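As structure tokens, the structure follows; a few thoughts come after it.
Bear in mind these aren't lab numbers, they're just calculated from the coordinates by the rules spelled out. Quick caveat, the model's predicted, so the values are computed rather than measured. Cβ sites come from the backbone with ideal geometry, for glycine too, and all protein chains shown count toward neighbours.
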Amino acid sequence: MIQAQNVGFAYETDEGLRRVLHEVTLSIQSGEMIAVLGQNGCGKSTFARLCNALLPMQEGKLTVAGFDTSDKKMTFELRRVCGMVFQNPDNQFVSSVVQEEVAFGPENYEVPRQDIGAIVKAALHQVALDGFEHRAPYTLSGGQKQRLAIAGVLALSPKVIIFDEATAMLDPMCRREVLAMMKKLQAQGHTIVMITHYVEEAVLADRVALMQDGKILAFGTAREILCDKEKMDAAKLLMPHAARVYYDLLAEGITLPMCPLTEEELLEAICRFN
Ligand SMILES: Nc1ncnc2c1ncn2[C@@H]1O[C@H](COP(=O)(O)OP(=O)(O)OP(=O)(O)O)[C@@H](O)[C@H]1O
Ligand SMILES: [Mg+2]
């Protein structure tokens, strides 16, 4: 669904060109949930923005849902199949009424007017915002705003949805809500790219692309990556708490049957230990 081959990118700055992506190569399958995990400034958002042509391609090849992101004629269509949800939903809203906000995308893509009402209703239902049609977006809570942003993206039936630190501004409960929404959308067949620097969120992904300094350090299952002490150290990230306990116990001579990713798995591993 997303194929990146030696993608490179540099920003022009007053001090000259600043290279922030180096030979990024990745292959994301349809229906996967991928976490792009890395420290602040490692290039995650730059990669995300290249995926739906918010930034122009400079080096390498990047295709998303069959669209070559360097093909400017297809940018409009590309953005329909590859939706993005950002950290701050307030920056994305264009309307003062919830239902108009969700209708904005389909209207822009000239969806027949008589179909739009049903699309808006379905999208709001998907994110559990039924009954909010006439509210003003600014009156919603942080979590509701983020769900509205997701509804706006869903109204275009995208194949890929990229969440760029979409939970960063939310309290723990709303964060869980949005993460659960990502899982639900994946179950419905969307390909999900979750960009995060929270290791505990990356645990939810099928595979994790670990980034550092504009490079992909490793790409593998969540367990392969997040339980790999060396790689996580290299990316200057802490492993999930459960995995850290595993390594602490290992240092004490206690080897649990497996390296756990979650507290539940840790409990299970401790119970199975004898
Ligand atoms: N418009 C810009 N001009 C110049 N440099 C930029 C620009 N945007 C980002 N950068 C720099 O490029 C590097 C990568 O930025 P990017 O936003 O892709 O990282 P990120 O991994 O998303 O970080 P964060 O976790 O803070 O969101 C950073 O060092 C950043 O300062
Ligand atoms: Mg970012």
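With axes computed from alpha carbons, what is the tilt in degrees of helix 113-126 against the longest principal axis of the chain, rounded to the nearest 10 within 0 to 90?
In the chain, helix 113-126 runs at an angle near 30 degrees to the longest axis.
If amide hydrogens are placed 1.01 Å from N in the peptide plane, which non-local residues have theirs closer than 5 Å to the one on Thr25?
Asn6, Val7, Ile216
Can you say what percent of the DSSP beta bridges in the chain, counting only those with both residues inside, are antiparallel? Round to 5.
In the chain, DSSP labels about 55 percent of beta bridges as antiparallel.
With a 10 Å Cβ neighbour count serving as the proxy for reagent exposure, in which order, fewest first, do Arg19, Arg135 appear?
Numbers: Arg19 14, Arg135 17.
With the sparsest Cβ surroundings first, the list reads Arg19, Arg135.
In what sequence do Ser70, Ser141, Ser45 fall when counting other Cβ within 10 Å, fewest first?
On the way: Ser70 17, Ser141 11, Ser45 20.
Least crowded to most crowded, the residues run Ser141, Ser70, Ser45.
Most mobile of Lys145, Lys183, Lys236 per a Gaussian network model of the chain (Cα springs, under 10 Å)?
So, out of Lys145, Lys183, Lys236, the one fluctuating most is Lys236.
Using a ≥ b ≥ c from the Cα gyration tensor of region 134-274 (square roots of the eigenvalues), is it rounded, prolate or oblate, where a/c under 1.5 gives rounded and otherwise the larger of a/b and b/c decides, a/b for prolate? The partial results should precede the final answer.
Numbers: a/c = 2.38, a/b = 1.93, b/c = 1.23.
Note, shape of region 134-274 comes out prolate.
Treat each spin label as a single point 7 Å out from the Cα along the C-beta direction, and report the Thr221 to Asn40 distance in nm.
Placing both labels 7 Å beyond Cα along the Cβ direction yields 3.4 nm.
How much length would be gained if the chain were fully extended between Glu268 and Glu252, taking 0.36 nm per residue of separation minus their Cα-Cα distance, in nm to one decimal? Don't skip to the answer; put the middle values down first.
Values: separation 16, 0.36 × 16 = 5.76 nm, distance 1.92 nm.
Stretched fully, the Glu268-Glu252 segment lengthens by 3.8 nm.
What's the lysine pair count for region 37-126 at a Cα cut-off below 25 Å, pairs eight or more apart or interchain?
On the way: Lys44/Lys61; Lys44/Lys72; Lys61/Lys72; Lys61/Lys73.
For region 37-126, qualifying lysine pairs total 4.
Given the DSSP H assignment, sum -39500 (n - 2.57) over each helix run of at least 4 residues in the chain and divide by its residue total; what's the result at 222 nm in deg cm²/dmol, nearest 500?
Working: 11 runs with 105 residues, N = 274.
About -11000 deg cm²/dmol.
Given R₀ = 25 Å, FRET efficiency for Glu110-His134 by Cβ-Cβ distance, to 0.05? Numbers along the way, then the final one.
Details: r = 25 Å, r/R0 = 0.99.
For R0 = 25 Å, the calculated efficiency reads 0.50.
Kindly state, as a whole number, the per residue volume in cubic angstrom of the convex hull around the alpha carbon atoms of the chain. Don't skip to the answer; put the middle values down first.
Values: hull volume 38.3 nm³, N = 274.
In the chain, the Cα convex hull volume per residue is 140 Å³.
Taking θ = phi - 60°, what integer Hz values does the Karplus form 6.51 cos²θ - 1.76 cosθ + 1.60 yield along region 236-247, in sequence order, with x for Gly and Pro?
6, 10, 7, 5, x, 3, 4, 5, 5, 4, 4, 6
In what sequence do Cys259, Cys271 fall when counting other Cβ within 10 Å, fewest first?
Details: Cys259 22, Cys271 9.
Going from least to most buried by this count: Cys271, Cys259.
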